[in-house]
Amino acid sequence: MKYLLPLLLISLAVLNSCVNYEDEDYIEYFVIEAYLFSGEQFPEILFSTTNPAFESYSFEDVAVSGADIRIESLGGGIGSAPDNVITYSESTPGVYLPDFEDFVEPGHTYRLVITAPDETEITAHTITPGAFELLTEDNQSVEYQGEEQLELVLTPSEYPGRQSIYIFTSIAQDTSVENLTPIYFDFFDSDDDLTLEDFRATSSGTLNEGNFTENEDGTINLDVPWLAIAFYGINDLIVSTVDDNLFDFVSSQETQLGGFSVSPGEIPNLNYNIDQAIGVFGSFTTDTIRTNILRPAE
Amino acid sequence: MILRLLTAVVLSILFGTSLLAQTASINGYIKDKNTGETLIGANIALIEINKGSSTNTLGYFTITNIPPGTYTLATSYIGYDTFQRQITLAAGDRITLEVELDPEVFQGEEIIVESEREQQEQKNIGIAQIDTDLIVSLPAVFQADVFRSIQLLPGVKAASDYSSGLYIRGGSPDQTLILLDRATVYNPTHFFGFFSTFNPDAIKDVRLYKGGYPSEYGGRLGSVLSIYNKDGNRNNNTGLVSLGLLSSRAFLEGPIKNGSFMLAARRSTIEPYLAVLRETTDGIPDGFYFLDFNGRLNYDLSTKDKFSVAFYSGGDYVDFPVFDQLVINLEYGNQTYNGTWTHIFSDRVFSNFVFTYSRYFNSPVFEFAETEFTQKNDIYDYSLKSDIEYILNDEHNIKFGAWLGGMTFRLVNTFDGETTFNQRLQSDYGALYVQDIWKPSQRWEINGGFRLNYFSSGNFLRGAPRLSADYFLTDRIRLQAAYGRYHQFLTLFSNEAFSGFDTWYIAADGVDPAWGDQFVLGAKTVPFEGYGFDVEVYYRSMNDLFELNPFIDDYAGLAYEEIFRFGDGYAYGTEFFFEKRMGRTTGFVGYTYSTTWRNFPEYNYPLLGDPQDSRDYPPKYDRTHDVNVVVTHPLSRKWTFIFNFNFATGQAYTTPSGRVEYSGNDIIGNELNSFTVQKLNATRLPNYRRADISFERNGTFFGMGDAQWQFQIINVFNTRNVWFYSYDFDDNPVDEVEVPLLPILPSITYTVKF
């Protein structure tokens, strides 16, 4: 008996010594941000670093100047030799623009290559989602929460190795408070920090292709949910398909800061698909129609 | 040898005769004299030959191989007067007794002495028990709660003041099998997890197998919580009405011909407070209530055949119109039904057969500008269980049984009227087990067993050996060791902040069941008469854990196995338990040193490193040190003071290291913020401290019955414990906002027993 307690205390100390899981000090990382839209010109690229979490943040303070940046077109896919190279130059600190006009192709592989001022080489790939077309008639008028929901019909997009992932966005053209739909008016009215600009563009978040009805001819039907409409009047309805990088970036950002799927206080890093930096080098393929959302009949 | 043993078992079961007619035996039930309620774990012994037994979960005992002679038969049970009588046994006698014990009456300054022997069964490795009277007396937020009381035991942790979930020996709540009268309970919480569904008025016995549990149980990686409802008073009609701030309870029990009944009901009574709050505060639900019913009917066909049927039905219902066009409706709950036939084949063979049905349902609906999101998760589980206990001789007590059942799992998600995910899985399951409690000498007791599990969804067949050994070093020191392998075919998606969306998933093709090994060492000692000092050390592994991938929030079009991530974990710790069971002041001190770790591929790997280099991390509920003190002290005949105090290491959380603000775009959103972190959950919240006090005043209700006032203060020192930190990006720099746990909280309950 007299040896029992000391033995246990010793074993406790041994067990305790096994635990070595201390947090580490802040490490600065390079951050890139670029969004390629199929059919559009190559975009600006933002190049910066992270900031200590609880220090004041401004892009100008963390912008990285003097980097060598290019996007390579890899017609043969990842690992193939570039068939075209879009070079970039710095316009303002941390903001880089393409040196010449060229357009992003759908269903194509691109490689971003950045040589930072400290010679770190940063690379990332994106495969732009396949092209699709919105077949729905443009410039329709639809009564908000009326009998008929606005139905979008689109030809399918394709993405290698997985189903397509869509984001549905509506962008209001007249963001006056009188035009707010009831639910968004309630939001606006209940929070003084919110502005009308916060509701100008509303997005669905990522939606799997499995959510939609596939027609016999292969086209896809999507009923526009009323929650997507924040303002009456003219709205641009944008259907986008996203690449893996954007999907990982968006879903992990939601998990990190707004998710219900991890315990409160557990903050996982975002999923980045970049070598030697964090951020996003993502691509969209989109199509847009314009519609007029009418107030409900009295 | 095995053949002879088997032959003896079969003959004995078939013919119900003692194979050793030159000796005698005694069997029967031990009951509460006032209520006729059978007592679980009561001890009975023949003093002169130091031969004894204890009652099983149905209050039944048997002592065999007694040489003819005259003996003093003694029984003891906590809270009851000791019973003694002379008994003379002749060769071949098989005597059936019904022993009735008088409940102890508290008598002022009288010293109450309990024998340590009666706790022997409760001191088996990994087992913890909590007195149902203590559950009702302990200070509790708004109302007495079984799980909150269990959380005071070493090895059991709470995730927060707001969660009654049981985190036992490093496992998540789904790793504990919860049985109510042998039926599985899938949803053990009310009020979004705030407290458990079990009405303390209806409960007779609460037994927790923290780890290393024997082969008669299975299906969970960690532990088993077995709760038995009261049978009902067999002598008189009695009842209870209790009015509390959050809920009110009613309880009725009484005799019927050859049996008894028990009915208990509980309903939240919070609506008037919500109505007042709604006048001044936004975000208060229009409707919220929970209710539960427990019932039981017992019928004794003969002394050898007893039947009972029991049910539990409970649910939570929320109607929450946040705005005119944003409405949340929530319904979730559980129902269990069971029918039990207990049959005594002979003085050596005891059996029970149980039919169980359990249903879990959860169906949240969000309506957002006429766009409806719904989820429907159901589990239907029906089973037949049989347990047969055969006392072969003084050395071997054999138990074997089978559990056969079927389970239907359904998960349907809809969005805007369209079904986006629809998974229905049907699985048959079965388990066979055998265990032998072998006592080769006075000092040794060895419990060896094997359990074979089958789960048809995925076609999984798994074997699970179990072994434990007790060595009685002295009368006051008992050394113990146990090993077991355990399997789990289900997993629960839950969030400790809110259990209203709890969703169960089952193993299937491509989703292997989780499994783990447990190793436990223990020492149970009696340093002084009336005191106990116990130590247990454990290590357990958790393999093939499957849980929802936290980065997937849209399952549409995905195969079932694609919505999960698969990982491993382990936990180890040491538990100390010191209790004082004698004198005016009683109570216990529990201390736990423990740690638990998880590892999931491509999670918690070094930023810019290889995603395959994922590092172990502690889940949020990990606490290194945890101390609980519970003291009960009668101040006078009428007044009793109860105190409990908890100190624990702060929980693990993740400290943001760096931040980025992405400019974004109209499609994914503008000005997107994010943190970078170095290690997941590598920082600790401030240490947790909370002291609760309760004063009980016992009296009468206008001479019609006993009455009790409970005046309680939770967190009496108003310690500002931290639940977690949230971050406000509207400020620059980012503002870290502390989200606190419970402040000081008074509570009053009035209970009348009639």
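The values are calculated or read from the model by the stated rules, or taken from the named source; none is laboratory data. Since the model is a prediction, treat every value here as computed from it, not as a measurement. When we count neighbours, we look across all protein chains shown, and the Cβ atoms used for this are built from the backbone with ideal geometry, even at glycine. Just the protein is used for accessible areas: all its heavy atoms, side chains included, with ligands, DNA and RNA removed. Shrake-Rupley method; radii C 1.70, N 1.55, O 1.52, S 1.80 Å.
List of remarks:
- Residue selected from region A:273-285 under the condition of a type outside the set (A, V, I, L, M, F, W, C) and surrounded by fewer than 23 Cβ atoms within 10 Å (Cβ to Cβ), by the criterion nearest to the other protein chains (Cβ to nearest Cβ): A:Gln276
- Residues that are under 30 Å from B:Trp639 (Cβ atoms) and surrounded by fewer than 19 Cβ atoms within 10 Å (Cβ to Cβ) within region B:658-698 comprise B:Arg689, B:Ala691, B:Ile693, B:Phe695, B:Arg697, B:Asn698, listed in sequence order.
- Residue count for region A:240-250 satisfying the condition of being open to solvent by 10 Å² or more (accessible area, probe 1.4 Å), of a type outside the set (Val, Ile, Thr) and in contact with a strand residue (DSSP E or B) (Cβ under 7 Å, 6 or more places away or on another chain): 2.
- With respect to being under 30 Å from B:Asp102 (Cβ atoms), part of a strand (DSSP E or B) and touching a helix residue (DSSP H, G or I) at 6+ places or on another chain (Cβ under 6 Å), B:Phe198 falls outside the description.
- Test result for B:Phe577, crowded, with 18+ Cβ neighbours inside 10 Å, touching a residue at least 60 places away in the same chain (Cβ under 8 Å) and touching a Pro at 6+ places or on another chain (Cβ under 7 Å): yes
- Per-region count, region A:183-234, residues closer than 26 Å to B:Val327 by Cβ, within 10 Å of another protein chain (Cβ to nearest Cβ) and surrounded by 15 or more Cβ atoms within 10 Å (Cβ to Cβ): 25
- Members of region A:256-271 found to be in contact with an Asp or Glu (Cβ under 9 Å, 6 or more places away or on another chain) and either open to solvent by 10 Å² or more (accessible area, probe 1.4 Å) or more than 7 Å from chain B (Cβ to nearest Cβ) (or both), listed by number: A:Gly259, A:Phe260, A:Ser261, A:Ser263, A:Pro264, A:Asn271
- Residues in region B:335-365 that are within 30 Å of A:Glu148 (Cβ to Cβ) and either touching a residue at least 40 places away in the same chain (Cβ under 8 Å) or in contact with a helix residue (DSSP H, G or I) (Cβ under 9 Å, 6 or more places away or on another chain) (or both): B:Pro364 only.
- In region B:709-740, the residue that is farthest from the other protein chains (Cβ to nearest Cβ) out of those that are modelled with pLDDT under 90 and under 28 Å from the mean Cα position of the chain (by Cα) is B:Gln710.
- Residue satisfying all of: in region A:43-60; under 17 Å from the mean Cα position of the chain (by Cα) and open to solvent by 10 Å² or more (accessible area, probe 1.4 Å); nearest to the other protein chains (Cβ to nearest Cβ) among these: A:Leu46
- Here region B:289-306 is the region considered, the condition is being without any contact (Cβ under 8 Å) to a residue 40 or more places away in the chain and in a strand (DSSP E or B), and the residue that is most open to solvent (accessible area, probe 1.4 Å) is B:Phe293.
- Condition met for A:Leu237 (buried (at least 19 other Cβ atoms within 10 Å of the Cβ) and not assigned by TED's automatic domain parsing to the domain that holds A:Ala34): yes
- Pick from region B:170-193, criterion touching a strand residue (DSSP E or B) at 6+ places or on another chain (Cβ under 6 Å) and in a loop (DSSP other than H, G, I, E, B), ranking: nearest to B:Val354 (Cα to Cα): B:Arg182
- Looking at region B:700-754, the strands (runs of 3 or more DSSP E) lying wholly inside it that each contain 3 or more residues that are open to solvent by 70 Å² or more (accessible area, probe 1.4 Å) sit at B:706-714, B:745-753.
- Of note, B:Ile552 satisfies the criterion of being out of contact with any strand residue (DSSP E or B) (no Cβ under 6 Å at 6 or more places or on another chain) and at pLDDT below 95.
- Residue that is modelled with the lowest pLDDT [pool: residues in region B:498-526 that are within 14 Å of chain A (Cβ to nearest Cβ) and open to solvent by 40 Å² or more (accessible area, probe 1.4 Å)]: B:Phe498
- Exactly one residue out of B:Leu479, B:Leu452 is within 14 Å of another protein chain (Cβ to nearest Cβ), part of a strand (DSSP E or B) and either over 25 Å from B:Ala559 (Cα atoms) or open to solvent by less than 10 Å² (accessible area, probe 1.4 Å) (or both), and it is B:Leu479.
- Strands (runs of 3 or more DSSP E) (entirely within region B:575-688) containing at least 3 residues that are within 13 Å of another protein chain (Cβ to nearest Cβ) and among the β-branched types (Val, Ile, Thr): B:586-599
- The requirement of being surrounded by 16 or more Cβ atoms within 10 Å (Cβ to Cβ) and within 24 Å of B:Arg234 (Cβ to Cβ) is fulfilled nowhere in region B:316-330; no residue meets it.
- Scanning region A:125-149 for residues that are open to solvent by 10 Å² or more (accessible area, probe 1.4 Å) and touching a helix residue (DSSP H, G or I) at 6+ places or on another chain (Cβ under 9 Å) yields a total of 4.
- Residues (more than 18 Å from A:Thr49 (Cα to Cα) and part of a strand (DSSP E or B)) located in region A:98-137: A:Pro98, A:Phe103, A:Thr109, A:Tyr110, A:Arg111, A:His125, A:Thr126, A:Ile127, A:Leu134
- Of residues in region B:551-568 being in contact with a helix residue (DSSP H, G or I) (Cβ under 9 Å, 6 or more places away or on another chain) and under 15 Å from B:Tyr603 (Cα atoms), the one nearest to the other protein chains (Cβ to nearest Cβ): B:Phe551
- Check on B:Phe493, touching a Leu at 6+ places or on another chain (Cβ under 8 Å), open to solvent by 40 Å² or more (accessible area, probe 1.4 Å) and without any contact (Cβ under 8 Å) to a residue 60 or more places away in the chain: yes
- Taking region A:207-255 as the range and being over 21 Å from B:Ala559 (Cβ atoms), under 12 Å from the mean Cα position of the chain (by Cα) and in contact (Cβ under 8 Å) with a residue 24 or more places away in the chain as the test, the residues that pass are A:Ser240, A:Asp243, A:Asn245, A:Leu246, A:Phe249, A:Val250, A:Glu254.
Yes or no, residue by residue, for (1) touching a residue at least 40 places away in the same chain (Cβ under 8 Å); (2) buried (at least 21 other Cβ atoms within 10 Å of the Cβ):
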| position | (1), (2) |
| --- | --- |
| B:Ala42 | yes, yes |
| B:Ala45 | yes, yes |
| B:Ile49 | no, no |
| B:Ser53 | no, no |
| B:Leu58 | yes, no |
| B:Phe61 | no, yes |
| B:Thr64 | yes, yes |
| B:Pro68 | yes, no |
| B:Thr72 | no, no |
